[in-house]
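The values are calculated or read from the model by the stated rules, or taken from the named source; none is laboratory data. Keep in mind it's a predicted model, so treat the numbers as computed, not measured. Note that each Cβ is placed from the backbone with ideal geometry, even for glycine, and that neighbours are counted across all protein chains shown.
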Amino acid sequence: MLEKWKLREVIVLSVLAVVFAVVYLVFLQFGNVLYGVFGLIGYDLIFGIWFIVSIIAAYIIRKPGAALLSETIAAAIEVMIGNAVGPRLILSGMIQGIGAEAVFAAARWNNYRTWVLIAAGMGSSVTSFIWGYFISGYAALSPSYVTAMFFVRLISGALLAGLLGKWLSESLAKTGALSSFPIGKEQRRRKSENGFTA
Amino acid sequence: MASLRNQSLIKCEHLTFRHEDEQKPVFKSIDFTLYPGEAILLLGPSGCGKSTLAFCLNKLYPEAVDGELEGTVSYKGKMLEEFRPGEINKHIGIVFQDPESQFCMTTVEDELAFGLENMKTPPEEIGCKIDEALKLVHLLPFKHALIHTLSGGQKQKLALACVLSLKPEILILDEPTANLDPASSHELTRIIKRIKDERALSLLIIEHKLDDWIDLTDRCLVLNREGEILFNGSHADCFNTYAEELQAEGIWLPNTVKAGLLTKKAGIFTGKELPLNHEEMIAGLISPDSALQFLDNKKNTPTCLEKQTILSAKDLSFNIGPKELLKSISFTVKKGEFVAISGSNGSGKTTLSRLLAGLFSPSSGEILYHDRPLSSWKEHELRNKLGYVFQNPEHQLIADTVTDEIAFSLKIQHMPDNEIQKIVQTTLKQVNLLHHGDMHPFSLSQGQKRRLSVASMLVNEQELLLLDEPTFGQDAKTARELMALMEEKIQSGSSVVMITHDMEILHSYADKVIVLSDGEKIYEGTPAELWKEQEIMKLASLKVPYIEKLKDELRAMSRREKLAFT
Amino acid sequence: MLLHDINPSIKALTVIVCVLILSVFFDPVTPMLTLAVTAAATFIFGKVSFKRWILLFSPFIFMALIYIWSALIFSRTHEGETILWSWGILILTEESLQRALSLGLRVLSFTSLSLLFILTTKPSEFLLSLMQQCRLPPKLAYGIMAGYRFLPLMKEEFEIIRSAHRIRGVPKARSLPEKIAELKRYAVPLLAGAIRKAERTAMAMESKGFTGDKNRNYYHKIAVSPKDWLFFAFFIAMVLASAYISWFFGFLQLYNGEL
Ligand SMILES: Nc1ncnc2c1ncn2[C@@H]1O[C@H](COP(=O)(O)OP(=O)(O)OP(=O)(O)O)[C@@H](O)[C@H]1O
Ligand SMILES: Nc1ncnc2c1ncn2[C@@H]1O[C@H](COP(=O)(O)OP(=O)(O)OP(=O)(O)O)[C@@H](O)[C@H]1O
Ligand SMILES: [Mg+2]
Ligand SMILES: [Mg+2]
């Protein structure tokens, strides 16, 4: 798979993964606080943030595998820099990545409109929830509570991963740093079109 | 040699490159050939496309940017498109213009090892090759240093060591000496000369300051502002026939040529051709005495009145961990004074300037600005009165377009929009960036970035301007214009503290020079006095400006002549 | 012998296998013994300072406490459990206390194993080892290494951006909304700078002849020696021995998804 990637795409992907690994770690502490306040559902409120890198990487690089790979690397780095959940987290990352990747795959990796990004965020919510259901034993909780958790997570994935990811990527593109990526070109096209109409 | 040259190493045909969102190509239909063992000097005004051309020659462009490349480049008869990414780079080594952006590892040792690994060097040989390369550029003590802690010049040396260790067939150097002190930069040219002779290396050198390169290159390739070839041929032809055209394009002439041109106009130089080296220069002069008289006349006299002190540094020291970067430095800056700071690479100039700008606080000692300790100033008050230009222009730049960059601090001061517009336009014009207003600052050429970073500080009416090597990477014209802007500042009563490796600037502008060596102040005084202090000059890796050297020699000659008469 | 000298890939494998074994069991004794031995090994053979260790460990103590707390409150009590203490609807049984302790200690034992790895392994060596022992594609490995390199530089980059803003006279943020605006003003350029650096690094790597070829020579050879397998065997044996002791005293149970 990587043979088709340009070196700079691989490196940009890794850099994004590393940066967001740090962000994830920060949010883990934040999640713990929410957990303390709201109980288990507290995590679900911000769960979407943990999928954001797959949305950003896919939206910027637009190649098959970007979502999965970035989320996996981010999880691995997170373990390396001190998320002591340990190796299991890498698997969780992979599963979250698969959710987003599946949505992008369904869109044939050539449609990156807002609703696709939102769907991708929700895709991660679904896979991560299924995984959590088995690994963390949600079965022991009351069904209505579990359903509530699921919907909260779905919304969180849509907003915090899908929309926030899109917004961040576009703010980045505005700085010109992504000018040689498809997203940068898209931005330029839009700008020049606006220029014509204005 | 002619027999060697039957096969071309690199051949460019009708090469044209255009950035995707630009109408105008960077350079147009470039044709040239590099033969084995040959060295070409590539000249041109800042922003004419030299670096872009260099990237196109080894396939880094158009891969890394979005642009259209027309025409062909071939290496030993094989088209570049036929090489995999990274493949051709084993034959063509390059030192980038920006010393910050060419490293991919954390430590000096790893960086060198990385390249050698790529070349499939047997692991047991890598160790000694690393040492060998570091010794060449005197960086051996820094073998285990973290790259980001090296000074600007040290990074440039490391970049060179990296590429030399790979033993490429062709070496492209993009302004390899821009950040080096005069002695290192001279030494570096000698290293390259030696290696070229030993290994039959082919060279393409991009430089603004040519003096040390003339004798090791065979030919010049000159681009004009439009990115077209102006001239392609021998140095002698180039500087004789085109000297004035080159000057008009804003290209630096070698010092000897410049002096020759000057004296020729005054009728003192009678050589048939403009001098390409010192011997020819001396030989062409009618008599040492008249030349001396003429050159002495041109001397400017610094106006040193009794003035009020605006900045004083007392016993400044600065440590990072156990490392003493600065050791008890004291000096003062007066109103309307032009103070230059110089010294060898890594001597602590940048560190000192950061202390003066209030970005670092000294480990001990004190800085008084307008008789108040720097630390007691309110941030925004201080910034209105004190400007700072970073050594790395990219560190300065924070806005998304060139125009916004200049307008940035004006907007903070809530200046009316039309006034901002006006100032921005004049400033852009002054620094020759009028056509680049809408571009992103980071996509400018290195020299353009430098000018922008200076310009962003010139719009405010600060009383003190600290500039860290503001003229490096500039062509003659833009450098002159930048210095004129500084002069203007001085005239209006501001003071300028400028770090520079450029001895000519030191000589013709500075009222006072401070020389650092290893974190200590070893000299403070006028430039004219400095040239006489040989010990200090040597310690700080400085060099006497050419005109001064010439005058010294003429003086010696005239003394000898007089002795011969009596 | 130091833990730092163990082959990183094998060290990682050891941690993973240990965690897998541990996750099969559900009792307080196995993880407690493992935790004790792992922590001791980290300090004795890893020369890790207690301060660093506890700094990374403490959030998980907090987490474990939360686990224990919620296991106490939310767990379903089954008939026939011994009630230790009750207050209103809160009922603490011996079994639920044991479950809570098991969960908490489980998390902590995983943590201690991960910390043993994290605190005694240089990421660059781990990546080298992954390339040399596990055939990780160099393109990806060097990509990650380049990304990883940015971490310590982020602080520096942040300082640079802050200096640039200071120099331009951007006033200091005081109120909370200002602070949030400042965060955005820094975060986006920081990320943009990282991406820009990434692209340049890619260019620099290619300019040094990097093709992503799998057959590379390595200056730093990361070898595998018998002592690495000895390390592996020791840790597996240690975890199994803990489980055996737990079984011997009648605590051992298999895990079936309790929370
Ligand atoms: N990504 C880009 N988009 C648009 N224009 C660009 C881009 N990158 C560079 N340019 C423009 O291309 C021109 C050539 O740049 P280049 O860096 O090759 O100049 P240079 O001759 O090396 O100048 P210097 O001597 O200052 O280094 C410049 O005018 C620059 O503004
Ligand atoms: N963060 C740091 N940690 C350790 N050493 C440092 C650090 N920053 C700078 N140095 C060292 O301090 C010395 C002075 O650096 P500085 O950048 O001030 O030099 P300089 O005089 O500006 O050199 P140049 O002319 O090459 O720019 C150098 O030897 C450098 O390696
Ligand atoms: Mg250039
Ligand atoms: Mg410096």
Residue B:223 being over 28 Å from residue B:470 (Cβ atoms), surrounded by 21 or more Cβ atoms within 10 Å (Cβ to Cβ) and in contact with a Lys or Arg (Cβ under 7 Å, 6 or more places away or on another chain): no
What do you reckon, is residue C:204 of a type in the set (A, V, I, L, M) and either in contact (Cβ under 8 Å) with a residue 24 or more places away in the chain or in contact with an Asp or Glu (Cβ under 7 Å, 6 or more places away or on another chain) (or both)? no
How about region C:22-44: which of its residues are away from chain A (no Cβ under 13 Å), touching a Ser or Thr at 6+ places or on another chain (Cβ under 8 Å) and either among the hydroxyl-bearing types (Ser, Thr, Tyr) or in a helix (DSSP H, G or I) (or both)? C:29, C:30, C:32, C:33, C:37
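Condition check ((1) surrounded by 21 or more Cβ atoms within 10 Å (Cβ to Cβ); (2) closer than 30 Å to residue B:249 by Cβ; (3) within 14 Å of chain C (Cβ to nearest Cβ)) across all residues:
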{"site": "B:158", "(1), (2), (3)": "yes, no, yes"}
{"site": "B:165", "(1), (2), (3)": "yes, no, yes"}
{"site": "B:169", "(1), (2), (3)": "no, no, yes"}
{"site": "B:186", "(1), (2), (3)": "no, yes, no"}
{"site": "B:194", "(1), (2), (3)": "no, no, no"}
{"site": "B:200", "(1), (2), (3)": "no, no, no"}
{"site": "B:205", "(1), (2), (3)": "yes, yes, no"}
{"site": "B:215", "(1), (2), (3)": "no, yes, no"}
{"site": "B:227", "(1), (2), (3)": "yes, yes, no"}
Checked region B:401-438 for anything within 14 Å of chain C (Cβ to nearest Cβ), charged (D, E, K, R) and surrounded by fewer than 21 Cβ atoms within 10 Å (Cβ to Cβ); matches are B:404, B:411
Select from region B:179-220 the residues that are part of a loop (DSSP other than H, G, I, E, B) and within 16 Å of ligand 2 (Cβ to nearest atom) and list them in ascending order. B:179, B:180, B:181, B:209
Residue set B:109, B:81, B:124, B:117; condition at pLDDT below 90 and either of a type in the set (D, E, K, R) or touching a Lys or Arg at 6+ places or on another chain (Cβ under 6 Å) (or both); output residue B:81
Taking into account only those residues within region B:357-385 that are over 13 Å from residue B:463 (Cβ atoms) and within 12 Å of another protein chain (Cβ to nearest Cβ), which is farthest from the chain's Cα centre (by Cα)? B:378
When region B:106-115 is checked residue by residue, the ones that are buried (at least 20 other Cβ atoms within 10 Å of the Cβ) and within 7 Å of another protein chain (Cβ to nearest Cβ) are B:113, B:114, B:115
Looking only at region B:140-174, filter to residues that are outside any helix (DSSP H, G or I) and within 16 Å of ligand 4 (Cβ to nearest atom); which one of those is nearest to the chain's Cα centre (by Cα)? B:151
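In this structure, does residue B:175 turn out to be more than 12 Å from chain C (Cβ to nearest Cβ) and either away from ligand 1 (no atom under 16 Å from the Cβ) or farther than 30 Å from residue B:475 by Cα (or both)?
It is false that residue B:175 is more than 12 Å from chain C (Cβ to nearest Cβ) and either away from ligand 1 (no atom under 16 Å from the Cβ) or farther than 30 Å from residue B:475 by Cα (or both).
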Taking region B:26-49, which residues are touching a Ser or Thr at 6+ places or on another chain (Cβ under 8 Å), of a type in the set (D, E, K, R) and either within 15 Å of ligand 3 (Cβ to nearest atom) or farther than 14 Å from residue B:225 by Cα (or both)? B:38
Before we move on, is residue B:457 within 14 Å of another protein chain (Cβ to nearest Cβ), away from ligand 1 (no atom under 16 Å from the Cβ), part of a helix (DSSP H, G or I) and over 27 Å from residue B:24 (Cβ atoms)? yes
Of B:68, B:87, which residue is more than 25 Å from the chain's Cα centre (by Cα) and closer than 28 Å to residue B:473 by Cα? B:68
For region C:76-189, which helices (runs of 4 or more DSSP H) that fit wholly inside it have 2 or more residues that are surrounded by 19 or more Cβ atoms within 10 Å (Cβ to Cβ), polar (S, T, N, Q) and touching a Pro at 6+ places or on another chain (Cβ under 9 Å)? C:94-120
Can we say residue C:214 is within 14 Å of chain A (Cβ to nearest Cβ), of a type in the set (Lys, Arg) and touching a residue at least 12 places away in the same chain (Cβ under 8 Å)? yes
Just to be sure I understand the filter: pairs with C-beta atoms under 7 Å, separated by 6 or more residues or on different chains, first member in region C:162-176 and at positive phi, second member of a type outside the set (Val, Ile, Thr) and buried (at least 19 other Cβ atoms within 10 Å of the Cβ). Which pairs pass? C:169/B:383; C:169/B:409
For region C:104-133, pairs from a residue that is within 12 Å of chain A (Cβ to nearest Cβ) and within 22 Å of residue C:217 (Cα to Cα) to a residue that is acidic (Asp, Glu) and crowded, with 23+ Cβ neighbours inside 10 Å, with Cβ under 9 Å and 6 or more apart or across chains, are none
Could you tell me whether residue B:442 is in contact with a helix residue (DSSP H, G or I) (Cβ under 7 Å, 6 or more places away or on another chain), in a helix (DSSP H, G or I) and surrounded by fewer than 20 Cβ atoms within 10 Å (Cβ to Cβ)? yes
Test residue B:398 against the stated conditions and say whether it is free of Cβ contacts under 8 Å to residues at least 40 places away in the same chain, more than 20 Å from residue B:318 (Cβ to Cβ), within 12 Å of chain C (Cβ to nearest Cβ) and out of contact with any Gly (no Cβ under 7 Å at 6 or more places or on another chain). yes
